[in-house]
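J.: So that we are looking at the same thing, I have put the structure below in structure tokens.
The values are calculated or read from the model by the stated rules, or taken from the named source; none is laboratory data. The structure displayed is predicted, hence computed values, not measured ones. Cβ: placed from backbone, ideal geometry, glycine included. Neighbour counts: every protein chain shown. The protein model used for the area step is the full one, side chains on, heavy atoms only, and it has no ligands, DNA or RNA in it. Shrake-Rupley method; radii C 1.70, N 1.55, O 1.52, S 1.80 Å.
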Amino acid sequence: MTSMKRKRAELLNACQSVFRCPLCRTAMAVSQYQSLICGHGHTFDISKQGYVNFLNKSVKTRYDRQLFEARHELFERREFFSPVQKEIAVIISRIQSPRKQAAVLDAGCGEGSHLDAVCRLLQPAFSVTGIGIDISKEGVLQAAKAFGDHNIFAVADVADTPFADSSFDVILSVLSPWNYKECSRLLRKGGTVIKAVPRRDYLKEVREFFFGDSPERNDTAESAAVRFQTGFQAFERKRLCYTKTLSQPDLELLVKMTPLTWKCSDESIQRFISRKAADITIDIDILIGTDPL
Ligand SMILES: [Zn+2]
């Protein structure tokens, strides 16, 4: 066994109480640094990068290696989403009191950049363990490679997670589908869900370039906020809007990371990325709900 796998299995071991078997829903434990096993013998192996796959069949998505690599590059090295990550960390430190053991779940973590950034920002006031799940094995593999020393990652469905009731202090959902029922099952009393949803101007320059100006586009953030608000005892909403100037190589990364351009012609994509630089707008609503009803 590699020392990396051993180290990551130890991290998993320290948090094993949050897991429950997705098949029979009983408690699980790490066995010989190799797998998570429940009392009925259902076994989920720890991969050599240290993540666990809880799905019994792989789900085909268009979220491939290139897309997650582009995201990693844009989020980590170009700090495209740093203001959002910082805001989320500030919100958590304001609402949740500092504690020794805080568990943060990123439901739909993709390549793991947001979870890792938020957890790093929370320390040292919080001694936090980040756990990220995503249905895309490719995303989880990259997350584990890049951030697996300090966070746990697993391939799992956000609507049917392998976690015990009341396991998390904070659940994040950043531009990702979520499941209210599952979130409220997983949250501890007083726990907070932080959901980032795109607003109308999110990546508006990309939309305008490829699809023309479409001001009548529905603002889905409004209906998302209304639905979200009704689920919690306490609710807040914070808008974050900023512009980043992306240079030519960054524009190429942006095209790779967003599903917006999946149906666009190669010719129009070439025109988009051949510019020296462009301003790109990030317009996000951060919905904050504490204590699900
Ligand atoms: Zn089981």
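J.: Please list the non-local residues whose amide H lies under 5 Å from the amide H of Gly190, H modeled 1.01 Å from N, same-chain partners needing a gap of 5 or more.
T.: Under 5 Å from the amide H of Gly190: Asp291.
J.: So, one more: First obtain the Kirkwood hydrodynamic radius of region 1-50 from its Cα pairs, then insert it into the Stokes-Einstein equation at 4 °C and 1.567 mPa s, and state the resulting D in µm² per second as a whole number.
T.: Rounded, D is 120 µm²/s.
J.: Using a Förster radius of 41 Å, what is the FRET efficiency between Arg185 and Gln32 based on their Cβ-Cβ separation? Nearest 0.05, please.
T.: Numbers: r = 30 Å, r/R0 = 0.73.
According to the calculation, E is roughly 0.85.
J.: Right, next: What residues have an amide H closer than 5 Å to that of Ile152, excluding those fewer than 5 places away on the same chain, when H is modeled at 1.01 Å from N in the peptide plane?
T.: Distant-sequence amide H within range of Ile152: Gly130, Ile131, Gly132.
J.: Output ³J(HN,Hα) for region 195-200: one whole-Hz value per residue in order, computed from phi by the Karplus curve 6.51 cos²θ - 1.76 cosθ + 1.60 with θ = phi - 60°, and x for Gly and Pro.
T.: The phi angles translate into 10, 9, 10, x, 9, 4 Hz.
J.: Pulled fully out, how much extra length does the chain show between His42 and Ser82, if you take 0.36 nm times their separation in residues and subtract their Cα-Cα distance?
T.: Numbers: separation 40, 0.36 × 40 = 14.40 nm, distance 3.96 nm.
Additional length available on full extension: 10.4 nm.
J.: A follow-up question, please. Heavy-atom accessible area per residue, region 51-292, 1.4 Å probe: how many Å²? Please report the intermediate quantities before stating the final value.
T.: On the way: 11070 Å² over 242 residues.
I get 46 Å² per residue for this part.
J.: Of all the accessible heavy-atom surface of the chain, with the other protein chains kept in place and a 1.4 Å probe, what percent is carbon and sulfur? All intermediate terms of the calculation are to be shown ahead of the outcome.
T.: On the way: 6800 of 13940 Å².
Summing carbon and sulfur atoms, their accessible area is 49 percent of the total for the chain.
J.: Right, something else. Suppose we keep just the alpha-carbon trace of the chain; what are its Rg and Dmax in angstrom?
T.: Over the chain's Cα set, Rg and Dmax evaluate to 19.3, 59 Å.
J.: Roughly how many Å² of Trp178 are accessible to a 1.4 Å probe, to the nearest 10?
T.: Solvent-accessible area, nearest 10 Å²: 70 Å².
J.: Please check: in the Gaussian network model of the chain (C-alpha springs, under 10 Å), which one of Asn179, Asn56, Asn151 has the largest mean-square fluctuation.
T.: Asn56
J.: Let me ask something else. Hey, can you find the accessible area per residue of region 1-50 for me, probe 1.4 Å, expressed in square angstrom?
T.: On the way: 2740 Å² over 50 residues.
Value returned for region 1-50: 55 Å² of accessible area per residue.
J.: While we're looking at this one, here's another question. So, in nm, how far is label Val59 from label Ala277 when the simple model puts each one 7 Å beyond its Cα toward the Cβ?
T.: Distance between label points: 3.9 nm.
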